[in-house]
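Data first, discussion second: the structure below is written as C-alpha cells.
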Amino acid sequence: MPVALLNMTQYEEVKVRGYDEFCKAVSERTGKDIFAYFSGDKDAQGVSWCPDCVKAEPVVRGELAHLPEGSVFVYCQVGDRPYFIANDSLFPHNSWKDPNNEFKKVLKLSGVPTLLRYGTPQKLVEEECFKPELVRMMFTED
Amino acid sequence: MAAFCKGRYRFRKTVFGHILSRNLAGKYDYDLVVVGGGSGGLACSKEAAQLGKRVAVLDYVEPSPKGTKWGLGGTCVNVGCIPKKLMHQSALLGGAVKDAAKYGWSIPDKVSHDWTSMSSAVQNHVKSLNWGHRVQLQDKKVKYLNLKGRLMDEHTIVGTNRAGKETVLTAENIVIATGGRPKYPAHIPGAMEHGITSDDIFWMNKSPGKTLVVGASYVALECAGFLTGIGLDTTIMVRSIALRGFDQQMAGLVTAHMASHGTQFLWRCIPKKVEKLPSGALQVTWADTNSQCEEQATFDTVLWAVGRAPETRSLNLEGVGVAHNKDTGKIIVTEDEATSVEHIYAIGDIGEGRPELTPTAIKAGRLLARRLAGISSELMNYHNVPTTVFTPLEYGCVGLSEEEAERRHGKDGIEVYHAFYKPLEFTVAERDASQCYIKVVCKRDGDRRILGLHFTGPSAGEVVQGFALGFQCGATYSDLLATVGIHPTCAEELTKLHITKRSGLDATVTGC
C-alpha cells in the first residue's frame with residue numbers, strides 16, 4: 001500500500017531579500033528559534049551568482065525536516081556582486097562585495113553561504129554548508 | 001614516595017588476557033574511546049581520527065555546587081585559560097585607558113566598567129569555541145557523546161546521560177582525560193553553601209562586587225588581579241606563601257605589584273567560617289596567625305581558590321585496578337602515559353606529576369594517538385615547559401626557579417644574572433616599574449648553560465615564549481649575550497644582562 005508523504009510543516013519558512021527585510025522578519029519573531037541561511041541573489045533564471053550557494057542550498061534544504069518544532073527558517077538573499085572591481089564608493093548599496101554592507105558589519109558574516117542560528121554563536125560558513133551532517137547537527141542539537 | 005592504591009584486578013594482565021584481546025580485535029565498537037572532552041581529550045581524539053581510527057569522546061560536565069555548567073572543551077575553554085585571559089585583558093584595558101590621558105587622549109574623569117557587558121562578551125566567545133569544537137569533531141568523524149564515563153574493564157566503558165540512561169561502549173584502547181575541578185574547603189562551615197570557585201566566576205551574570213579570594217595559587221592571584229583591575233574591592237587571603245612551587249623572589253614581585261595597585265592582602269590568615277547575613281552579604285570570620293586574633297568582615301562574594309582535585313570519583317578506578325596516588329587522587333602514569341592497566345592511558349591534569357597546563361595535555365594527547373596508531377614512538381617531553389602567570393604584572397618563566405637550581409647545583413654552582421628595568425611605555429604613563437625584573441639562572445661552570453629564565457613585565461607570555469625556544473636548544477649565557485636585542489622593547493633587556501647577584505651591585509638598568 002503506498003504511503004502518502006505528508007508535508008509536516010513544523011517550522012515556518014520566510015523568504016527575505018536585503019538587510020532591512022531580514023531585520024524586520026527577525027524582529028517580528030522574537031522569542032523564536034531562528035535559523036537563517038544567507039545566499040547570493042538569484043537571477044531571473046533562479047541561479048545565484050555564488051557557486052558555493054548553488055551547491056549548498058540543496059544540502060541545507062535536505063535537512064530542513066530536522067528543524068525543531070516551532071522554529072523559523074529565514075532564507076535571505078544578501079545582494080548582487082558587481083561585475084567590476086572598483087573603489088568602495090562605486091559599489092551599489094546592496095552589493096555583497098561592498099565592505100560597508102550591513103550583513104558584514106552588523107551580522108559579521110564573512111562569506112556566503114552562511115547558515116546560522118540567530119542569537120547564538122552557532123554558524124556554518126561556506127564549505128561547512130556542503131556537509132549534511134553539520135547542517136543536521138545545528139538543527140538538532142542544543 | 002607516592003602512596004599507591006592498587007585494585008583487585010592487577011593479575012588480569014596475563015598471557016591469556018593478551019591472546020583473548022587479540023582475538024577480539026576488530027570486535028570493539030571503537031578503536032579508541034576518550035573520557036573527557038578537554039584540551040587533552042579533544043587533541044587525542046582528533047589526532048586518532050585523522051589517523052583513520054574509529055574514535056568516540058565522552059564529555060560530561062557535572063554542574064558546580066552553585067549549578068554552573070558549560071559546553072564542550074574542558075576547563076581551559078570554559079572556566080580556565082580562555083575566560084581568564086579575556087577578563088585579564090579587560091582589566092589591563094582599564095589601566096590603558098587611564099594611561100591614554102597622559103598620551104594625549106581626552107578621557108572622561110570617571111571611566112567605569114560594566115561586569116555584565118564583559119561577561120556576556122566573554123561567554124559568547126566561549127560558546128563559539130564550544131560550537132567550533134563540535135563542528136571539528138563532527139568533521140573529523142569523532143563520535144561525540146554527552147555522557148559521564150565509568151570504567152568497567154580495560155575495554156569497556158559505561159556512559160550515563162543526564163537522565164540516568166546507560167550506554168555501554170567497547171574500545172581497543174581507552175584514554176582517561178577527565179581533568180580536575182576546584183576544591184572546596186569542606187571543613188569550613190558555610191564554605192560550600194555560600195562560596196564560589198573559578199568554575200562559577202566566569203559565568204556570573206552580575207558583578208561579584210566586593211570579593212574575598214581565598215588562596216595563593218596562580219588561580220587566586222589571577223582572579224584577584226582582574227577583579228581589582230576592573231574596579232572591584234578585592235581582598236586576597238593567604239595562609240602561608242604565594243605561588244608555591246614557583247620562584248619565590250618572582251612571586252614576591254608579583255604580589256608586591258598587586259598590593260601597590262589596589263588588591264588588599266591578608267597574609268597568614270586562615271578562614272574559619274562563612275555566614276550569610278539577612279542583607280545577603282557574606283560575613284567571613286578568620287584567624288589572623290600574626291596577631292593570634294579572630295577577625296571578621298563582610299563581602300558580596302567569597303571565591304575559593306585553594307587547589308584542584310582530579311575528577312576520578314566516578315571513574316571506578318579501583319574496580320578496574322587503575323593505580324592512583326592515594327593522597328592526590330591522580331592516576332599514576334608512565335612516560336608512555338600508560339596506567340597500571342593495559343589498554344588504559346591517562347593524559348592531562350589527571351596524571352600524577354604532570355603539569356596542569358593545556359599545551360602539555362594537547363601535545364601528550366597527540367603523541368599518544370600517534371603511538372597507539374603505531375606510526376610513532378615519540379614520547380612527550382615534559383621538560384623545559386614555559387608558563388606564564390597572568391597577574392596584573394605578568395610573570396613568565398621557563399626552567400628552574402633559583403631555589404631549585406641552588407638545590408641541584410649548590411649556591412656556588414650557579415650564577416644569577418639579573419636586572420630591574422623600566423618598560424618605555426611606563427615612562428610617559430608615569431607607571432610604577434619597581435617590580436619589572438628579569439633573572440636568568442645559569443650554571444656557573446663550563447658554557448654557563450641557562451637553567452632558568454624569569455621575567456615580570458607587560459606581555460610576559462609573549463616575551464618568554466620566544467626565549468623558551470632558546471632554552472629548549474640548550475642556550476647558554478654566551479648565546480644570550482651574542483643575541484642582538486630588538487629596540488626598544490622589554491625583551492631586549494635579556495640580551496643585555498650582565499650584573500650578577502653575586503657581585504651585589506645595583507641591578508637597575510640605566511640608560512640605553
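Here, each number is a calculation from the coordinates, and none is a lab measurement. As the structure is a prediction and not an experimental result, all values here were calculated from the model. Here Cβ is always computed from backbone atoms with ideal geometry, including for glycine, and neighbour counts include all displayed protein chains.
State the Kirkwood hydrodynamic radius of chain B in Å, one decimal place, computed from all pairs of distinct Cα atoms. Please list the in-between numbers first.
Values: mean 1/r = 0.0401 Å⁻¹.
One decimal place: 24.9 Å for the Kirkwood radius.
How high is the relative contact order of region B:107-256? Use alpha-carbon pairs under 8 Å, at least six apart in sequence, and give a whole percent.
Details: 129 pairs, mean separation 24.7, N = 150.
The normalised contact order for region B:107-256 reaches 16 percent.
Could you tell me which of the pairs B:K127/B:K165; B:K84/B:K148; A:K24/B:K98; B:K27/B:K141; A:K97/A:K131; B:K110/B:K422 are separated by over 31 angstrom between their Cα atoms in the structure shown? The partial results should precede the final answer.
Working: B:K127/B:K165 26 Å; B:K84/B:K148 26 Å; A:K24/B:K98 41 Å; B:K27/B:K141 19 Å; A:K97/A:K131 25 Å; B:K110/B:K422 28 Å.
The answer is A:K24/B:K98.
Counting only aspartates and glutamates at least 8 places from B:K276 when in the same chain, those with an alpha carbon closer than 14 Å to its own are B:E193, B:D300.
A simple spin-label model places the labels of B:Q50 and B:S128 2.3 nm from each other, with each point 7 Å out along Cα-to-Cβ. Between A:D43 and B:L277, the simple spin-label model (points 7 angstrom out along Cα→Cβ) gives 7.4 nm. Of the trypsin sites (Lys or Arg not before Pro) in region B:42-141, the ones in a loop by DSSP (not H, G, I, E or B) with at most 10 other beta carbons within 10 Å are B:K110. Only helical runs count toward this figure. For chain B, summing -39,500 (n - 2.57) over DSSP H runs of n ≥ 4 and dividing by all residues gives -9500 deg cm²/dmol at 222 nm. If you take all other residues with their beta carbon under 13 Å from the beta carbon of B:G474, and give Lys and Arg +1 and Asp and Glu -1, the sum is +1.
Placing +1 on the Cβ of every Lys and Arg and -1 on the Cβ of every Asp and Glu, with nothing else charged, gives the protein assembly as shown a dipole about its Cα centre of roughly 1260 debye. Each residue of region B:86-102 was assigned a 3J(HN,Hα) from its phi angle through the Karplus expression (A = 6.51, B = -1.76, C = 1.60, θ = phi - 60°), giving 5, 6, 4, 4, 4, 5, 4, 5, x, x, 5, 4, 5, 4, 4, 4, 6 Hz with x at Gly and Pro.
For B:T235, the shell of other residues with beta-carbons less than 12 Å away shows a net charge of -2, using +1 for Lys and Arg and -1 for Asp and Glu.
Using a simple spin-label model with pseudo-atoms 7 Å out from Cα toward Cβ, B:S377 and A:E127 lie 3.6 nm apart.
Test of the criteria: in region B:91-195, which chymotrypsin sites (Phe, Trp or Tyr not before Pro) are in a DSSP loop and have at most 15 other Cβ atoms within 10 angstrom of their Cβ?
Sparse-neighbourhood loop chymotrypsin sites (Phe, Trp or Tyr not before Pro): B:Y103, B:W105.
Residues in region B:356-367 carry Karplus couplings, in order, of 8, 9, 5, x, 6, 5, 4, 5, 4, x, 5, 5 Hz; the curve used is 6.51 cos²θ - 1.76 cosθ + 1.60 with θ = phi - 60°, and Gly or Pro positions show x.
Across all Cα atoms of the protein assembly as shown, the radius of gyration (one decimal) and Dmax (whole number) stand at 28.4, 98 Å. In region B:484-512, which residues have a backbone nitrogen under 14 Å from the label point lying 7 Å from B:L424's Cα in the Cα-to-Cβ direction? Of the residues in region B:484-512, B:485-493, B:511-512 have backbone N under 14 Å from the label point off B:L424. Run the Debye formula on the Cα coordinates of region B:116-188, all scatterers equal and no solvent, and tell me log10 I(q)/I(0) at q = 0.22, 0.27, 0.28 1/Å. Debye curve over Cα of region B:116-188, log10 I(q)/I(0) at q = 0.22, 0.27, 0.28 Å⁻¹: -1.10, -1.17, -1.19.
Mean separation of Cα pairs under 8 Å and 6+ residues apart, divided by the residue count of chain B: what relative contact order is that in percent? All intermediate terms of the calculation are to be shown ahead of the outcome.
Working: 1067 pairs, mean separation 81.9, N = 512.
Worked out over chain B, it gives 16 percent.
How much length is gained if the chain between B:A121 and B:E318 is pulled fully straight, taking 0.36 nm per residue apart and subtracting their Cα-Cα distance, in nm to one decimal? Write down the numbers at each step before the final one.
Values: separation 197, 0.36 × 197 = 70.92 nm, distance 4.25 nm.
That works out to 66.7 nm of additional length.
Compactness ratio for region A:12-140: Cα radius of gyration over 2.2 N^0.38 Å (N = residue count) comes to 1.03.
GluC sites (Glu not before Pro) within region B:377-465: which are DSSP loop residues with at most 16 other Cβ atoms inside 10 Å? Show your work: numbers first, answer last.
On the way: sites: B:E378, B:E394, B:E402, B:E403, B:E404, B:E406, B:E415, B:E425, B:E430, B:E462; in loops: B:E378, B:E394, B:E430.
Listed in order of number, the matching sites are B:E378, B:E430.
Amide H contacts of B:M237 (H built 1.01 Å from N, in plane; Pro and chain starts excluded): B:V213, B:V214, B:G215, B:L266 sit under 5 Å, all sequence-distant by 5 or more or on other chains.
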